[in-house]
Amino acid sequence: MKIYFCGSIRGGRDDVHVYQRIVHKLQTYGSVLTEHVANMELRNTGEDKPAGGDQAIHDRDVDWLRQSDVVVAEVTQPSLGVGYELGRVVDMKKKVLCLFRPSSGRILSAMIRGAADGEHFVVRDYNEEEVEKVLDQFFSSLSRT
Ligand SMILES: O=c1[nH]c(=O)n([C@H]2C[C@H](O)[C@@H](COP(=O)(O)O)O2)cc1CO
């Protein structure tokens, strides 16, 4: 299974330790195309001068989104890039899980929470300690569909 993980980069790296935990768990289900998002060394400037610059990042990521079987996004730290990825993927009609931590004190954008449709697009409030359990529940629900 190919999994696309979305998490904030230029939007801020405060939650990178949570992304690490999520990607580590996701790797037990399949290959994570975007494991660099959870790299502790990746700072909020983004990937280090890839050939082709930002356009290459964008085109590669949209291509990976198309290839992916499922998308998991940590949406607590607001990120334009993550919002864009989610908007693109809604049109691809893939299964999406958005994870949000209310303990952050933030209120999730209506454009993400309001996109939940009970079928393709799932939004789940969670605490960091239960993240592995929440992912297990989501992936076992996938195998039943
Ligand atoms: O260097 C990058 N590499 C990359 O893959 N992305 C993608 C993956 C992330 O899920 C998302 C983060 O967007 P942003 O940088 O606007 O927070 O965009 C974003 C950047 C920098 O914007």
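The values are calculated or read from the model by the stated rules, or taken from the named source; none is laboratory data. Every value quoted in this text rests on a predicted model; they were computed, and no experiment measured them. FYI the Cβ positions are ideal-geometry reconstructions off the backbone, even for glycines, and counts take in every protein chain you see. The accessibility values were calculated without ligands, DNA or RNA, using every heavy atom of the protein model including side chains. Shrake-Rupley method; radii C 1.70, N 1.55, O 1.52, S 1.80 Å.
A few remarks follow.
- In region 2-143, taking the dipole from charged Cβ atoms about the Cα centre, the farthest positive-side position among W64, A115, Y84 is held by A115.
- Charge dipole magnitude, Cβ of K and R +1, D and E -1 - the chain, Cα centre, debye nearest 20: 220
- Springs join every pair of Cα atoms under 10 Å in this Gaussian network model of the chain, and among K25, K93, K49 the largest mean-square fluctuation is at K49.
- Three principal axis extents of the chain based on alpha-carbon atoms, in descending order, are 41, 32, 30 Å.
- Using a Gaussian network model of the chain in which every pair of alpha carbons under 10 angstrom is joined by a spring, one finds that among R106, R13, R66 the greatest mean-square fluctuation is at R106.
- Cross-link pairs exceeding 25 Å between alpha carbons, from the set K25/K94; K25/K95; K2/K133; K25/K49; K49/K95: K25/K49; K49/K95.
- GluC sites (Glu not before Pro) restricted to region 27-121 and DSSP loop, no more than 13 other C-beta within 10 Å: E41, E119
- Exposure ranking of T76, T28 by accessible area [1.4 Å probe, largest first]: T28, T76
- Counting Lys and Arg as +1 and Asp and Glu as -1 over every other residue whose Cβ lies under 15 Å from the Cβ of D117, the net charge comes to +3.
- Computed from the C-beta positions of H17 and S140 and an R0 of 30 Å, the FRET efficiency is 0.75 to the nearest 0.05.
- Extreme residue, positive dipole direction of the chain, given options G52, L42, P102 (C-beta unit charges): P102
- Taking S143, S79, S8, S104 and ordering them by how much accessible surface each has at a 1.4 Å probe, largest first, produces S143, S104, S79, S8.
- Residue with peak Gaussian network fluctuation, the chain [Cα springs, cutoff 10 Å], from G81, G118, G11: G118
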